[in-house]
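The structure appears right after this line, and notes come after that.
Please treat every number below as a calculation from the coordinates, not as lab data. Everything quoted here is computed from the prediction, not taken from an experiment. Note that we place each Cβ from the backbone using ideal geometry, even for glycine, and neighbour counts take in every protein chain shown.
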Amino acid sequence: MDIQGKVTIITGASTGIGRATARLFAEKGAIVVLAARSAAKLEEIAQELRSQGKEALAVPTDVTQEDAVRQLVAKTIEKYGRVDILINNAGMGSAGPIVNYPADSYRQLIDLNIMGPFFGMKAVAPFMRENGGGIIINISSSSTRRMYPLVGAYTSTKHALNSLSAFEREELAPDNIRVILMHPDYTLSDFSNNSMVYGFEPGAGAIPSPSAPKGEYPNGDMPEDVAEKILEAALNEPAEQFMR
């Protein structure tokens with residue numbers, strides 16, 4: 001899809017991959033709708049983009065609440081009349097042995113990493129259908145394809161997202177709604193810094209990605225690297241997009 005002028009909702013847009021993606025899509029001419037829980041951070045990035053002559057709307061949203069996600073989409077439709085692209089980026093990381101993992105924390109992961117994208121897809125699909133189609137990009141993880149230590153709880157939620165996306169890809173295809181899975185590798189961002197850690201001593205460094213190039217960022221990619229791949233996915237529309 002040519003993203004010029006396309007109305008693009010990005011969840012988790014206040015930091016990390018989401019913020020980098022918002023900047024890149026706006027630079028390429030997309031109309032960006034920024035969603036996250038932090039109103040102050042959202043407005044900061046929205047003001048930055050507007051100061052550059054870009055079109056940006058900040059909508060504080062808790063994606064774990066279905067009504068909030070519906071309101072996000074409703075406000076987008078009210079202002080722009082359509083939704084062309086949804087990027088389900090909001091998520092939470094975690095690390096620790098399964099046996100040490102608190103049940104309530106696992107439910108938080110499920111709410112954010114599975115229910116958030118689920119609510120988003122439900123909310124945009126009717127409007128995309130009316131508009132002749134659209135793109136949904138769900139941000140998964142390369143941990144679903146490789147064995148990383150101590151991330152079983154987190155990875156299980158991303159496996160669920162992969163399955164949900166695969167079924168939705170088939171179900172929504174007749175409406176010309178294309179569902180894409182994006183698989184970032186380990187990324188140096190606030191997402192990693194804010195991950196929940198249980199039952200082990202993290203030590204001085206992060207768990208490196210086995211596929212990350214040994215160079216300037218030996219322990220992971222930068223958010224801007226991932227944003228470039230998300231843009232590539234929107235332009236080329238593969239079923240799945242990988243970092244390398």
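Per-structure values
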{"item": "Nonlocal amide H pairs with residue 33, under 5 Å, H built at 1.01 Å", "result": "8, 9, 10, 57"}
{"item": "Folded to 0 to 90 degrees: helix 66-80 orientation relative to the chain principal axis, Cα", "result": "40"}
{"item": "Calculated P(r) of the chain - Cα pairs past 35 Å, %", "result": "9"}
{"item": "Pairs from 75/158; 28/54; 54/122; 122/229 whose Cα-Cα separation, in the structure shown, is over 20 Å", "result": "75/158; 54/122; 122/229"}
{"item": "Distance between modelled label sites at residue 237 and residue 98, nm, 7 Å Cα→Cβ extension", "result": "3.8"}
{"item": "Potential lengthening between residue 27 and residue 2 on full extension [0.36 nm per residue; Cα-Cα distance subtracted]", "result": "7.7 nm"}
{"item": "80, 186 arranged by Cβ crowding within 10 Å, fewest neighbours leading", "result": "80, 186"}
{"item": "Degrees separating the helix 16-27 axis from the principal Cα axis of the chain, which is the longest one", "result": "30"}
{"item": "Extension reserve of the residue 163-residue 105 stretch, reckoned as 0.36 nm per residue once the Cα distance is removed", "result": "18.7 nm"}
{"item": "Footprinting exposure proxy for 157, 8, 21 (fewest neighbouring C-beta atoms within 10 Å first)", "result": "157, 8, 21"}
{"item": "Angle between the chain longest axis and helix 223-236 axis [Cα atoms, degrees, rounded to 10]", "result": "50"}
{"item": "For the stretch 35-40, 3J(HN,Hα) per residue [Karplus equation, 6.51 cos²θ - 1.76 cosθ + 1.60, θ = phi - 60°, Hz, x = Gly/Pro]", "result": "10, 5, 7, 7, 5, 5"}
{"item": "Residue 78 versus residue 173: modelled label distance in nm, points set 7 Å from Cα along the beta carbon direction", "result": "3.7"}
{"item": "Cβ-based exposure ranking for 119, 167, 242, in which fewest neighbours within 10 Å come first", "result": "167, 242, 119"}
{"item": "Cα centroid separation - the stretch 1-52 against the stretch 167-181, whole Å", "result": "24"}
{"item": "Interchain or long-range residues, amide H under 5 Å from residue 187's placed H", "result": "221"}
{"item": "Kirkwood-type radius of the stretch 66-154, with distances r between different C-alpha atoms, in Å", "result": "14.7"}
